[in-house]
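The values are calculated or read from the model by the stated rules, or taken from the named source; none is laboratory data. What you see is a predicted model, and the numbers here were worked out from it, not measured in a lab. Here the Cβ is made from the backbone with ideal geometry for all residues, glycine too, and neighbour counts use every protein chain on show.
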Amino acid sequence: MARTHALRLFIIVFCLAWLSMAEAQKPTAQQLIDAANAASDLAKFGPFELSADLVINPGTRAEAGGHLQIYGDKDRRRAELQLGTYQEVRLHLGDKLYISRSETSPVFGFGRIMNLDHIWLVKIRHGAKLSNVKNKDENGVPVSCFHEKLEFDDEEYCFLASGALVHQQNKWGTEISTLEYHALEGTQFPSSLIFREKRFSRTIALRNIRLTKLQPDENTFVVPPAALLLGQCEDPQGGQMLKRVEPRFPQSQIHGGPGVMFIYGVIEKDGSFTNVHVYSPTGLLFEDAVKRVIPEWKFAPTTCGGEPVAVEREISIEIERH
């Protein structure tokens, strides 16, 4: 009996020691971030052209196609999106962002897609706390994951052993995933991506992602006529909503479950909300209700390096029967 007890004790001690060693060998969240960014940062790649085919809601009746083209050279960058007859250009020149659209109203929710060359890089937001790393399977592939926790959000990041980011999801239902990576001159980039957004009930597949070394023509970085000028920086501060008057929706027109409407606008340097566009799948009556209260909204100015800048903002509002 003494020998059995001693053997059990040895097994317990061995297992605890093995688990401790395995835990000690796990990378930290910051090490995963550094490895992913070092492997996939196009800044070290030199001048480039990045392109991808877009399929919106693939396999459904609402399926639609488009194309994305991005040119980059140091602190200059041009992204061109085409969806049917709609075209949008985003030109980044240092700390300035110029936006030009073929139509007055933007296509909602595509700002992140147009940052495809940065979408697989990890940038932790100001004030966020990082959880411990946990290992799990992602579609049968072992990955290491952690959470970026903020008061208003909880975002999960998962990585392959190579350091590549393969999955990102926040509490609002936005999800980016891929398991297919290519390498060109030591730089990793995905060959395809799936981008799901619960709030838009939309899935976007980015296929045939291609990266090429290319010196863009100087005309590539000419500012489009009548482009909207905004500011930009790596770590913007402020921009919180200080005053929000809720719209009064026509209750007799609300049918079924809750709906969602989307608002795009620019937070000016003084905190006012301008250049507003409203989209509601439920109809114009709901759009009018929002437009009546938006002039009363007020935001804290957004700053870059302590200086106020104008920035774009997308806001969603739920429509519920009371």
Checklist entry - Could you list, in sequence order, the residues of the stretch 49-67 that are in contact (Cβ under 8 Å) with a residue 60 or more places away in the chain and among the polar types (S, T, N, Q)? => result 51, 57
Next on the checklist: Going through 82, 25, 87, 30 one at a time, which residue ends up being at pLDDT 90 or above and exposed (fewer than 14 other Cβ atoms within 10 Å of the Cβ)?
Outcome noted: 30
Next on the checklist: Can you tell me how many residues within the stretch 200-236 are in contact (Cβ under 8 Å) with a residue 24 or more places away in the chain and farther than 30 Å from residue 308 by Cα?
Outcome noted: 16
Item to check | Every residue from the stretch 90-119 that is assigned to a loop (DSSP other than H, G, I, E, B) and basic (Lys, Arg) | outcome: 112
Checklist entry - Counting only residues that are within 17 Å of residue 28 (Cβ to Cβ), of a type in the set (Val, Ile, Thr) and under 16 Å from the mean Cα position of the chain (by Cα), how many does the stretch 123-174 have? => result 1
Next on the checklist: Kindly evaluate residue 201 against the criterion of being among the hydroxyl-bearing types (Ser, Thr, Tyr) and surrounded by 15 or more Cβ atoms within 10 Å (Cβ to Cβ).
Outcome noted: no
Next on the checklist: Among the numbered criteria (1) buried (at least 16 other Cβ atoms within 10 Å of the Cβ); (2) in contact with a helix residue (DSSP H, G or I) (Cβ under 7 Å, 6 or more places away or on another chain); (3) modelled with pLDDT under 80, which one does residue 285 miss?
Outcome noted: (1)
Checklist outcome for this item: Flagged in the stretch 37-74 as more than 16 Å from residue 210 (Cβ to Cβ) and either touching a Pro at 6+ places or on another chain (Cβ under 9 Å) or in a strand (DSSP E or B) (or both), in numbering order, are 56, 64, 65, 73, 74
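Residues checked against (1) of a type in the set (A, V, I, L, M); (2) modelled with pLDDT of 90 or more; (3) in the same structural domain as residue 100 (by TED's automatic domain parsing); (4) not in a loop (DSSP other than H, G, I, E, B):
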site	(1), (2), (3), (4)
146	no, yes, yes, yes
175	no, yes, yes, yes
199	no, no, yes, no
209	yes, yes, yes, yes
Next on the checklist: List the residue pairs whose Cβ atoms are under 8 Å apart, where the first residue sits in the stretch 123-141 and is without any contact (Cβ under 8 Å) to a residue 24 or more places away in the chain, the second is part of a strand (DSSP E or B) and of a type in the set (A, V, I, L, M), and the two are 6 or more positions apart or on different chains.
Outcome noted: 136/143; 137/143
Next on the checklist: Pull out all pairs, ordered by first then second residue, where Cβ-Cβ is under 7 Å, the residues are six or more apart or on different chains, the first lies in the stretch 167-184 and is more than 17 Å from residue 122 (Cα to Cα) and touching a residue at least 24 places away in the same chain (Cβ under 8 Å), and the second is assigned to a strand (DSSP E or B) and not hydrophobic (A, V, I, L, M, F, W, C).
Outcome noted: 173/197
Item to check | Conditions (1) surrounded by 15 or more Cβ atoms within 10 Å (Cβ to Cβ); (2) under 26 Å from residue 304 (Cβ atoms); (3) within 13 Å of the chain's Cα centre (by Cα): number failed by residue 98 | outcome: (3)
Checklist entry - Where residues in the stretch 300-322 are modelled with pLDDT of 90 or more and acidic (Asp, Glu), which of them is farthest from residue 287 (Cα to Cα)? => result 307
Item to check | residue 168 under 20 Å from residue 56 (Cβ atoms) and not in a loop (DSSP other than H, G, I, E, B) | outcome: yes
Item to check | Single residue of 150, 211 found to be hydrophobic (A, V, I, L, M, F, W, C) and under 19 Å from residue 90 (Cβ atoms) | outcome: 211
Next on the checklist: Can you pull out every residue in the stretch 75-89 that is farther than 27 Å from residue 218 by Cβ and assigned to a strand (DSSP E or B)?
Outcome noted: 83
Checklist outcome for this item: Log entry, pairs with first residue in the stretch 260-274 being on the phi < 0 side of the Ramachandran plot, second being of a type in the set (Asp, Glu) and in a loop (DSSP other than H, G, I, E, B), beta carbons closer than 9 Å, six or more apart or on different chains, reads 274/268
